[in-house]
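Let me begin by presenting the structure, written as C-alpha cells, before commenting on it.
The values are calculated or read from the model by the stated rules, or taken from the named source; none is laboratory data. For clarity, every value in this text was computed on a predicted model and none was experimentally measured. Cβ coordinates were reconstructed from backbone atoms using ideal geometry, including for glycine residues, and neighbour counts include every protein chain displayed. Surface accessibility is based on the protein's heavy atoms, side chains included, excluding ligands, DNA and RNA. Shrake-Rupley method; radii C 1.70, N 1.55, O 1.52, S 1.80 Å.
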Amino acid sequence: MNTVQDSARFRGHLARRWAEWQDAGLERRPSVFGSGQGAVAEIDGEKRLLFASSNYLGLSDHPALREAARGALDRFGTGSGGSRLTTGTGAVHRELEHEVADWLDFPECVWLPTGYQTNLAVLSVLADSREEQVTVFSDEKNHASIIDGIRFAKSSGTRLSVYPHRDVRHLAELLRTRETSLAVVVTDGLFSMDGTVAPVRELREVSDRYGALLVVDDAHGIGTLGEGVSGRGCCSDAGVRPDVLVGTASKALGTEGGFLCCDRILADLIRNQARSYVFSTAASPVTAAASLASVRLVRGGEAGVGKLHRNAAYLRTSLGERGVTAGGVTEGPIVPVAVGDERLALAVQERLREAAIHVPAIRWPTVRKGHAILRVTVTAQHTLPQFDRLVDVLSRSLRDLAVRPA
Ligand code: PMP
C-alpha cells in the first residue's frame with residue numbers, strides 16, 4: 001500500500017467535498033465580535049445594528065451578573081477543576097441548581113456546561129433501551145442537540161419516530177400504534193428557527209393518554225415566555241408540567257450552561273450515567289455565579305421581559321405594514337422571514353450588512369434545503385428607531401431582489 005499516495009487521495013476527497021459545499025452556497029465564516037452583544041455591536045471591525053443575538057434580555061452586560069462573576073472569580077478562580085461527579089461541583093453549582101428547581105417548581109435541577117450536552121444527557125439516559133426498549137417521538141423541527149441525544153439512545157436499540165411539526169393528531173396515532181410499551185415525546189418549546197411554540201397542553205394530554213413521558217426543551221422560551229412576564233417559559237404559559245424541562249443559560253439568561261428539571265430518580269440517574277455529564281468538566285464557577293444572578297433578576301421581575309414582548313410585537317406589526325410576513329408567536333423574540341433559495345438569502349444578508357445591519361441567513365442543514373430564512377432576533381435592548389431602520393432596509397432588499405419564498 002502506498003501511504004503517501006493514499007493520504008493525497010484523502011486530501012483530494014476533502015477538497016472536493018469542500019468545493020461542493022461552497023458551490024451550494026453553504027460556506028459559513030463566523031463574524032468576529034470586538035464588543036459585547038448589545039443592540040449595537042462591533043462586528044468585523046465596524047459598528048452594526050445586531051439582530052442576531054440570543055442575549056434576548058441583554059443580561060450578558062448587566063451589572064449584577066458582572067458583579068457575581070467577579071465575586072466568583074475572586075473566590076474560586078477561573079476553572080471548575082473537573083467533572084461534576086469527581087471534583088467539579090462547587091457550592092455555587094449547588095446553589096444555582098436549587099434556585100432553578102425552586103423557580104421552575106421541580107424537585108430537582110441538574111446543571112451542565114451547555115444546553116447541547118443537556119439534551120445528550122436527558123435523551124441518552126431517559127431513552128436508554130438496554131433493559132427495556134423505548135420509542136422516542138420527536139418533532140421534525142427539533143433542535144440538533146435533541147436529534148444527537150436520540151442518536152446516542154439509538155445505539156442502545158431505541159426506536160425513533162419523527163412526527164410532523166406540531167402535529168398532535170399525527171403523534172397520537174403514532175403513539176397509539178407503537179410497538180414498545182415505553183415511550184418518550186420530545187419537543188422544542190419555543191422552536192429555535194421558526195419561532196413557533198409547541199402545543200404543550202395537547203402534547204401533555206396525548207402523552208398522558210398513551211403513557212408516554214414528555215420532554216420539553218424550552219431553551220428559547222426560558223426567560224422570554226411564561227405567564228405574564230415571569231420568563232418561566234412556554235409550559236408555564238400553558239399551565240403544563242412536562243416530565244423533563246430542559247433550558248439553557250446561553251440565551252435569555254445571558255451566560256452559558258444548560259440545565260434540566262425533573263424528579264429525583266431521573267436526576268440521580270443522569271448524575272451517575274449521562275456521559276455528557278460524567279465525562280465533561282463542570283461549568284466554570286464564574287459562569288455558574290453569573291447564571292445564578294441572572295435567574296434571580298428574572299425571578300424578581302427586573303429583567304425587562306415585558307419590554308422584550310413589546311419590542312417583538314412592534315417589529316412584527318411594522319414588518320406586516322410593509323408587506324413582509326414574519327413567522328413566530330407575537331411576543332416571541334425569534335422573527336424568521338422566509339426567503340427560500342440559499343443564495344438569495346445570502347444576497348439579502350449582504351444588503352443588510354452594507355447598511356450596517358447584522359441578520360444571518362440561515363440555511364441547510366439548520367433548516368431544510370431550499371427553505372433558507374433570515375432569522376431576526378429581538379432583544380429588550382433594541383429601540384423603536386432601530387426596528388424602523390431594519391424594517392426599511394429589509395423590506396426594500398426583499399423587493400429589489402424579488403424574493404418570493406416557496
Ligand atoms: N436546544 C435548543 C432548542 C437550542 O436552540 C440550543 C442552542 N442553539 C440548544 C438546545 C443548545 O444550547 P447551548 O447553546 O447552551 O448548547
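Annotation note: Cβ proximity below 8 Å between a residue of region 1-27 that is assigned to a loop (DSSP other than H, G, I, E, B) and a residue that is open to solvent by less than 60 Å² (accessible area, probe 1.4 Å) (sequence gap 6+ or interchain) occurs for ALA24/GLU342; GLY25/GLU342; GLY25/LEU346; GLY25/ARG363; LEU26/GLU342; LEU26/ARG363.
Here is a yes/no grid of residues against (1) in contact with a Leu (Cβ under 9 Å, 6 or more places away or on another chain); (2) in the same structural domain as ASP128 (by TED's automatic domain parsing); (3) β-branched (Val, Ile, Thr):
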{"residue": "THR180", "(1), (2), (3)": "no, yes, yes"}
{"residue": "ASP188", "(1), (2), (3)": "no, yes, no"}
{"residue": "SER207", "(1), (2), (3)": "yes, yes, no"}
{"residue": "ASP218", "(1), (2), (3)": "yes, yes, no"}
{"residue": "LEU245", "(1), (2), (3)": "yes, yes, no"}
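Among the residues of region 243-289, those identified as of a type in the set (Gly, Ala, Ser), on the phi < 0 side of the Ramachandran plot and buried (at least 24 other Cβ atoms within 10 Å of the Cβ) are GLY247, ALA249, ALA252, GLY258, ALA274, SER276, ALA282, ALA283, SER284, ALA288, ALA289. Among residues of region 28-42 being part of a strand (DSSP E or B) and under 22 Å from LEU384 (Cβ atoms), the one that is least open to solvent (accessible area, probe 1.4 Å) is ALA41. Filtered by the rule that a residue be more than 16 Å from the ligand (Cβ to nearest atom), outside any loop (DSSP other than H, G, I, E, B) and within 16 Å of LEU245 (Cα to Cα), region 209-231 gives a lone residue, LEU213. Consider region 116-152 and keep the residues that are touching a residue at least 60 places away in the same chain (Cβ under 8 Å) and of a type in the set (Val, Ile, Thr). The one that is farthest from ILE270 (Cα to Cα) is ILE146. So which residues in region 180-196 are within 12 Å of the ligand (Cβ to nearest atom) and either open to solvent by 30 Å² or more (accessible area, probe 1.4 Å) or touching a residue at least 60 places away in the same chain (Cβ under 8 Å) (or both), if there are any at all? Those that are within 12 Å of the ligand (Cβ to nearest atom) and either open to solvent by 30 Å² or more (accessible area, probe 1.4 Å) or touching a residue at least 60 places away in the same chain (Cβ under 8 Å) (or both): VAL186, LEU190, PHE191, SER192, MET193, ASP194, GLY195. Which ones in region 163-190 are within 15 Å of ALA212 (Cα to Cα), outside any helix (DSSP H, G or I) and in contact with a strand residue (DSSP E or B) (Cβ under 8 Å, 6 or more places away or on another chain)? If the condition is that a residue be within 15 Å of ALA212 (Cα to Cα), outside any helix (DSSP H, G or I) and in contact with a strand residue (DSSP E or B) (Cβ under 8 Å, 6 or more places away or on another chain), then TYR163, ARG178, GLU179, THR180, LEU182, ALA183, VAL184, VAL185, VAL186, THR187 are the ones that fit. Hey, can you tell me all the residues within region 258-269 that are outside any strand (DSSP E or B) and in contact with a Leu (Cβ under 7 Å, 6 or more places away or on another chain)? Hit for region 258-269 is LEU266, nothing else. One residue is enough: does region 96-109 have a residue meeting the conditions open to solvent by 20 Å² or more (accessible area, probe 1.4 Å), more than 27 Å from GLY157 (Cα to Cα), of a type in the set (Gly, Ala, Ser) and assigned to a helix (DSSP H, G or I)? Checked against the condition, which is being open to solvent by 20 Å² or more (accessible area, probe 1.4 Å), more than 27 Å from GLY157 (Cα to Cα), of a type in the set (Gly, Ala, Ser) and assigned to a helix (DSSP H, G or I), region 96-109 yields no hits at all.
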